[in-house]
Amino acid sequence: MNNEIIISCNWKMNPSTLEEAIELTQNIIQYSKHIPKNTKVLLIVPFPFIYCVSTLIKNTNILLGGQDCHSEFLGPYTSGVSVSMLKSLGCSHVLAGHSERRQLWKDTNEIINKKVRKILDNELYCILCIGENKTEYEKGQNKEICAKQLSECLYQCSENDLKHIIIAYEPVWAIGTGLNATTEIIEDVHNYIRNWFKEHYSETSSNNICIQYGGSVNPINVSSILNIENVNGVLVGSASLDSEKISKIMNYSI
Ligand code: 13P
């Protein structure tokens with residue numbers, strides 16, 4: 001069983017200037033020096049800041065990731081960013097299927113599957129985001145939606161590919177709302193996701209897959225979330241932009 005904890009910081013479309021991004025990165029480098037053992041910090045930053053952040057975190061244990069990628073390798077796709085570009089800048093991880101991409105850019109499970117394939121083909125780690133929206137949650141469909149997203153987004157992914165896949169369960173209704181899912185919900189869905197891998201792949205893959213929780217994670221709730229069975233890390237949005245809050249999150253105690 002993998003007992004590594006990943007604290008992933010998804011800056012989304014923030015901060016507004018490179019200077020602020022540098023200051024935030026420098027603070028995070030400072031705070032990362034005393035984090036608990038078995039913990040890794042991953043900065044998932046906007047494309048324009050990747051090169052600079054990559055330079056700043058050189059010689060630290062901090063990892064770098066992209067927030068999305070194009071579903072094609074290279075070519076005439078104005079504004080597109082390919083996985084090979086991200087890799088050449090020092091990214092080891094790329095998000096795919098974030099709910100904001102699904103909602104605002106209309107990324108479907110089929111498109112997300114193509115992105116997952118590109119990330120795997122470039123030997124980077126893919127953080128696949130899944131989770132139900134408010135209506136689906138109210139209808140009690142959270143596990144059903146997660147299962148559909150897993151099977152469609154991981155279409156044609158082999159057991160070997162899973163070594164490069166991380167799942168982030170982010171209930172859409174808990175993102176940016178201050179409403180984080182209860183311990184019971186997180187435990188129930190994370191157990192379900194782990195079992196899904198046992199059913200569709202193997203016990204070994206199921207034991208090894210890293211499952212993160214995201215949605216209104218903050219310094220107060222982080223320890224109890226990380227204490228839940230089958231939670232291997234958190235994907236933090238707004239709190240990751242506040243130096244004091246992210247310092248407390250990175251130095252959680254369980
Ligand atoms: P918040 O932490 O702001 O709710 O965002 C969560 C998220 O979307 C991380 O990817």
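The values are calculated or read from the model by the stated rules, or taken from the named source; none is laboratory data. This structure is a prediction, so every number in the text was calculated from the model and none was measured. In this analysis, Cβ positions are derived from the backbone assuming ideal geometry, glycine residues included, and neighbour counts consider all displayed protein chains.
Okay, here's what the table says:
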quantity: Number of the condition not met by I220 [criteria: (1) touching a strand residue (DSSP E or B) at 6+ places or on another chain (Cβ under 8 Å); (2) closer than 25 Å to I62 by Cα; (3) not charged (D, E, K, R)]; calculated: (1)
quantity: Any hit, the range 110-120, residues being within 16 Å of the ligand (Cβ to nearest atom) and surrounded by 13 or more Cβ atoms within 10 Å (Cβ to Cβ); calculated: yes
quantity: Any hit, the range 197-209, residues being over 15 Å from the mean Cα position of the chain (by Cα) and aliphatic (A, V, I, L, M); calculated: no
quantity: Residues of the range 196-216 classified as within 14 Å of the ligand (Cβ to nearest atom) and part of a loop (DSSP other than H, G, I, E, B), total; calculated: 2
quantity: Given (1) more than 10 Å from the ligand (Cβ to nearest atom); (2) modelled with pLDDT under 95, index of the condition P219 fails; calculated: (2)
quantity: Meets criteria (surrounded by fewer than 22 Cβ atoms within 10 Å (Cβ to Cβ), in a loop (DSSP other than H, G, I, E, B) and touching a residue at least 24 places away in the same chain (Cβ under 8 Å)) for N230; calculated: yes
quantity: Qualifying residues in the range 169-195 (those that are of a type in the set (F, W, Y) and either part of a helix (DSSP H, G or I) or near the ligand (Cβ under 10 Å from one of its atoms) (or both)) - the one surrounded by the fewest Cβ atoms within 10 Å (Cβ to Cβ); calculated: Y192
quantity: Options L63, L89: the member that is surrounded by 13 or more Cβ atoms within 10 Å (Cβ to Cβ) and under 30 Å from I254 (Cα atoms); calculated: L63
